Structures are given as structure tokens and as C-alpha cells.
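Each remark here refers to the structure printed beneath this line.
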Amino acid sequence: MNKTKVENLQAYCMKHTQPDSFLLSELKDYTWENEDVPQMLSGQQVGKLLQSIIKMTGAKNIIEVGMFTGYSALQMAEAIPENGKIHTCELMEKHVETARSFF
């Protein structure tokens, strides 16, 4: 696929993807401004896909291995029911602290 087609497809996907909540936008901005490898952030489209899967399956319990700064965990938390739980783990203490500050 050539570059123009990829860019057009990406633009289409962004146009038809729900915007992030204020908290998710803040975390995304913080990650891009303060992390050495912000590209590890799962991103809006992946997050909305995770939310769709959670809603379609009715998932109430989620395990996430490697949460980076917590963006995807927050995406999933927005989709699970109030009695749901997300268990995450992260090896880098810096990332854990960032995630905690947004949780």
C-alpha cells in the first residue's frame, strides 16, 4: 500500500473514532511531553477497539501485562461496568507513578 493510501486510511479512521475523554487526552499529552519513548502509547484507535471488545463481551475482569503510563488501562476502565476490575502490572516504577497520578 502506498503512503498516500495509508495516510488516507489513517485520516478516515481518526475521523470516525470517538474522541478521548479529557483525562485520557491529558495523559496522552503528558506521556508525549515527558517520556523517552512515547510511541509505546497504545493510542486512541487501539483504546476504542479495546472498549468495543469489552462492551461486546461484557468483560468485568481484565488483566493487563505492561501498562506503560496507564493509557490503555484508563481506556478499558471507561468501558467496564462499575463492579468490574482491572489488574495491571508494570516493571518500570516511573511508569507506575505516572499511571497512579492519573488513576
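The values are calculated or read from the model by the stated rules, or taken from the named source; none is laboratory data. As the structure is a prediction and not an experimental result, all values here were calculated from the model. Cβ coordinates were reconstructed from backbone atoms using ideal geometry, including for glycine residues, and neighbour counts include every protein chain displayed. Just so you know, the surface numbers come from the protein's heavy atoms only, side chains and all, with ligands and any DNA or RNA stripped out. Shrake-Rupley method; radii C 1.70, N 1.55, O 1.52, S 1.80 Å.
Considering only Cα-Cα distances, which of the following residue pairs are longer than 30 Å: K28/K60; K5/K28; K5/K85; K15/K94; K5/K94; K48/K85? Write out the running numbers ahead of the final one.
Details: K28/K60 25 Å; K5/K28 26 Å; K5/K85 39 Å; K15/K94 33 Å; K5/K94 38 Å; K48/K85 18 Å.
Flagged as over cut-off: K5/K85; K15/K94; K5/K94.
When only alpha-carbon atoms are used, what values of Rg and Dmax, in angstrom, describe the chain?
Spelled out, the Cα radius of gyration and Dmax of the chain are 14.6, 46 Å.
Give me the one-decimal nm value for the distance between modelled label points at L49 and F103, 7 Å along each residue's Cα-to-Cβ direction.
Distance between label points: 2.5 nm.
Can you pull the percent of the chain's accessible area that's carbon plus sulfur, 1.4 Å probe, other chains left in place? Walk me through the numbers on the way to the answer.
Values: 4000 of 7050 Å².
Reported share for carbon and sulfur atoms: 57 percent.
Can you list which of the trypsin sites (Lys or Arg not before Pro) found in segment 1-95 are DSSP loop residues with at most 16 other C-beta atoms within 10 Å? Intermediate results must be reported in sequence, preceding the final value.
Numbers: sites: K3, K5, K15, K28, K48, K55, K60, K85, K94; in loops: K60.
Here the sparse-neighbourhood loop sites are K60.
Per 0.36 nm of contour for each residue apart, how much would the distance between E33 and T4 grow if the chain were fully extended, relative to their Cα-Cα spacing? If you can, show how the numbers build up before the last one.
Details: separation 29, 0.36 × 29 = 10.44 nm, distance 2.83 nm.
Working it through step by step, the gained length comes to 7.6 nm.
Given an 8 Å cut-off on Cα distances and at least 6 residues of separation, report the relative contact order of the chain as a percent.
On the way: 104 pairs, mean separation 26.0, N = 103.
25 percent.
Taking the Cα-to-Cβ direction at C13 and at C89 and moving 7 Å from each Cα, how far apart do the two end points lie in nm?
2.9 nm
Rolling a 1.4 angstrom probe over the protein heavy atoms, how many square angstrom per residue are accessible across the chain? Display every interim value, and only then the final one.
On the way: 7050 Å² over 103 residues.
Heavy-atom SASA per residue in the chain reads 68 Å².
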